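Input: a single structure, listed below in C-alpha cells.
The values are calculated or read from the model by the stated rules, or taken from the named source; none is laboratory data. Note that the coordinates shown come from a computational prediction; the quantities given were computed from them, not determined experimentally. Positions of Cβ are backbone-derived with ideal geometry, glycine not excepted, and every protein chain shown enters the neighbour counts. We work out accessible area using only protein heavy atoms, side chains counted, and drop any ligands, DNA or RNA first. Shrake-Rupley method; radii C 1.70, N 1.55, O 1.52, S 1.80 Å.
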Amino acid sequence: MARPMSGKVCIVTGATRGIGKGIALQLGQAGATVYITGRTLTSPKDDPVGGSLTETAEEIEKRGGKCIPVQCDHTKDSDIEELFGRVSKEQDGCLDLLVNNAYAAVKAIAENVGIPFWEQPISMWDTVNNVGLRNNYLCSVHAAKLMTVRKSGLIVNISSIGGLRYLFNVPYGVGKEAMDRMAADCAVELKKMNVSFVSLWPGLVRTEHMENMIETDVIKKFDKAVPEDMPKIDTGAVVEKAESTEFAGKAIVALATDPNIMKKSGRILTTADLGKEYGFKDIDGKDPQNIRQVKSILKLSPSTRRLASVVPGFVYIPKWMLAVAGNKF
C-alpha cells in the first residue's frame, strides 16, 4: 500500500466521528502520524450516535497508521495551547497539516430547523461559532507559529456551501462564510512563508449523525430550511448521492501531497472537484454529488428532474457563477 504521507505530522480536530474521523482514517492510511482531538475518549453506552477518540485511533492502527488521541475541549483556550505545545515537543517543532474540523452544533441546528433567528435561543450563536469558528482561528494561530518557522505546511478549514447562500440558520451561514474568508485572508499573510491555507467544502456527508437522523425521520425537518425562492429538494435523492466521511480525507491527502499546493492557497475547494482533478473516487468506487454539475443538480428537485434527461453530464456551472450567487451588492 502506498504511503504518500509517511513522515508527515498532522492534527485533525473533532475526529471522534463524522468527517473528522474519515479524514483522520485516510491520513493514517496514507502513512501520516495523526493527532486527533475531541472531548469523548470512550463512547458512552447511551449515545445513539456513538464515536470516540479510542475507536478512531484503533481503526487507524488497524490500517497500519499511527494515531495519537488527545482529549481536548475546544471551547477552552488552555486545552488548545496544550495540544499544540505537546505536538511541538513530541515532534521537534514539526507540524505539516492542520485540519480545522471541530464542530459542536449539529444537534442544536437539527433541533431548531425552520425556526427564525429571533425565536431561537441567543446561545445558538456561541453554540455554532465558538468551536466552529473562534476555535479554528486559535488553532490556525498556533499551527502557523510552528509552520512558518519551517516555511512549510497546510491548514484546511472544513467549511460548506452555507458560506455562499442561506443554509440551516443565520449563525451557521455567518460562521461558514467567515471560515472561507479566514482561509483567504490568512493565505495572504502566509504566502511569503510558503504556508498554504484553503477552505474545503464537502458535499452532503453520510455521517453517523445523518444516519441517526434518517433512522428517526429527523432528516425530513430539513425541508423547512430551504428558502421559499428555491426549488423544493427531494431529501431522499440528496442523501442517496451523499459522500462518505472518508471522501474529504482523500481530498486532503491529495492536497497535502501536491507539490504545487501554494497555487491553491486562499481558495475555496470542493471535494467533488478535487476528486475529478486528482482522479480519486469515494470508498464505494463512485463519484458523489457535485454542486457544479448541472445534470445532477436538476435531479435533486421533482420540479426540474425531467430536464436532467436532456442535459449532458459534462455541463458544469462555472466557479465565477457560483461566486455571483453569493453576491450581496
Helix-only [θ] at 222 nm, the chain, -39500 (n - 2.57) per DSSP H run of 4+, per residue, nearest 500, equals -11500 deg cm²/dmol
Nearest-10 value in Å² for the accessible area of residue 277, using the 1.4 Å probe: 110 Å²
Taking residue 145 as the anchor, which lysines have their alpha carbon closer than 28 Å to its alpha carbon, excluding any fewer than eight residues away along the same chain? 8, 21, 66, 76, 89, 176, 191, 192, 250, 263, 264
Option label - semi-axes √(5λ) of the Cα gyration tensor in Å computed here, alternatives (1) 30, 23, 20; (2) 49, 23, 15; (3) 52, 19, 18: (1)
Helix 53-62 versus the longest principal axis of the chain: what is the Cα-based angle in degrees, 0 to 90, to the nearest 10? 80 degrees
Loop-resident sites, segment 247-319, for trypsin sites (Lys or Arg not before Pro), counting at most 15 other Cβ within 10 Å (DSSP): 281, 286
Only Cα pairs within less than 10 Å get springs; with that Gaussian network setup on the chain, which residue of 205, 294, 174 has the largest fluctuation? 294
Considering only protein heavy atoms, what is the solvent-accessible area of residue 321 at a probe of 1.4 Å, reported in Å² to the nearest 10? 90 Å²
Within segment 157-207, which trypsin sites (Lys or Arg not before Pro) sit in a loop by DSSP and count at most 13 neighbouring Cβ atoms inside 10 Å? 165
Rounded to the nearest 10 Å², the accessible area of residue 188 using a 1.4 Å probe with every protein chain kept is 110 Å²
Coil-residue trypsin sites (Lys or Arg not before Pro) of segment 43-128, DSSP, other Cβ within 10 Å capped at 16: 45, 63, 76
To the nearest 10 degrees, the tilt of helix 18-29 (Cα long axis) against the first principal axis of the alpha carbons of the chain is 50 degrees
